[in-house]
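> So that we are looking at the same thing, I have put the structure below in structure tokens.
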Amino acid sequence: MRIWDLKPGARVRIKRPFVDFDGLNIEPGEHQVETHDYFFYDDGHTLSFTDGLILRLAGVEPAHEPILHDAADFYWELVHED
């Protein structure tokens, strides 16, 4: 699932831990997307979830590329989409 598929209301299951752009350790679990903002200057995405989790990923960070374009659902998967 690509990060572009995560729209407000979507429920996502994070399957593998990873570190976001701010150095936050993101652990496996289910979260509902509240907002999804895109910042073109760093190919950055900020996802806010209804449980208070905020994660940031950026295309300028090589380690984030496989997470941003996760076509095989290795890092996360869509559980439910509103």
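> When you look at Asp51, is it modelled with pLDDT under 90 and surrounded by fewer than 16 Cβ atoms within 10 Å (Cβ to Cβ), yes or no?
no
> Here are some residues: His64, His31, His45. Which one is assigned to a helix (DSSP H, G or I), under 11 Å from the mean Cα position of the chain (by Cα) and surrounded by 12 or more Cβ atoms within 10 Å (Cβ to Cβ)? I'd like the intermediate steps shown before the answer.
Details: His31 fails: assigned to a helix (DSSP H, G or I); His45 fails: assigned to a helix (DSSP H, G or I).
Testing whether each residue is assigned to a helix (DSSP H, G or I), under 11 Å from the mean Cα position of the chain (by Cα) and surrounded by 12 or more Cβ atoms within 10 Å (Cβ to Cβ) leaves just His64.
> Given the criteria without any contact (Cβ under 8 Å) to a residue 12 or more places away in the chain and part of a loop (DSSP other than H, G, I, E, B), does Gly23 qualify? Before the answer, list the steps.
Details: without any contact (Cβ under 8 Å) to a residue 12 or more places away in the chain: yes; part of a loop (DSSP other than H, G, I, E, B): yes.
Judged against the criteria, Gly23 is a match.
> Take the conditions of a type in the set (Val, Ile, Thr), farther than 12 Å from Leu6 by Cβ and at pLDDT below 95 and apply them to Val79. Does it pass? Full working, then the answer.
Details: of a type in the set (Val, Ile, Thr): yes; farther than 12 Å from Leu6 by Cβ: no; at pLDDT below 95: yes.
Taking the combined requirement at face value, the residue does not satisfy it.
> Tally the residues that are more than 16 Å from Ile26 (Cα to Cα) and touching a Leu at 6+ places or on another chain (Cβ under 6 Å), restricting the search to region 39-58.
0
> Inside region 49-61, can you point out the residues that are of a type in the set (D, E, K, R), more than 13 Å from the chain's Cα centre (by Cα) and farther than 17 Å from Ala10 by Cβ?
Of everything in region 49-61, just one residue is of a type in the set (D, E, K, R), more than 13 Å from the chain's Cα centre (by Cα) and farther than 17 Å from Ala10 by Cβ, namely Glu61.
> Here's something else I'd like to know. Going by the conditions given, is Thr35 touching a residue at least 24 places away in the same chain (Cβ under 8 Å), polar (S, T, N, Q) and within 17 Å of Arg13 (Cα to Cα)? Explain how you work it out, then say what you get.
Working: touching a residue at least 24 places away in the same chain (Cβ under 8 Å): yes; polar (S, T, N, Q): yes; within 17 Å of Arg13 (Cα to Cα): yes.
So Thr35 passes the test.
> Take the residues in region 9-20 that are part of a loop (DSSP other than H, G, I, E, B) and of a type outside the set (A, V, I, L, M); name whichever of them is surrounded by the most Cβ atoms within 10 Å (Cβ to Cβ).
Keep residues of region 9-20 that are part of a loop (DSSP other than H, G, I, E, B), which gives 9-10, 15-17, 20.
If we keep only those that are of a type outside the set (A, V, I, L, M) too, we end up with 9, 15-17, 20.
Details: Gly9: 12, Lys15: 14, Arg16: 12, Pro17: 11, Asp20: 21.
So the residue we want is Asp20.
The values are calculated or read from the model by the stated rules, or taken from the named source; none is laboratory data. None of these values were measured; they are calculated from a predicted model. Glycine also receives a Cβ, built like all others from the backbone with ideal geometry; neighbour counts cover every protein chain displayed.
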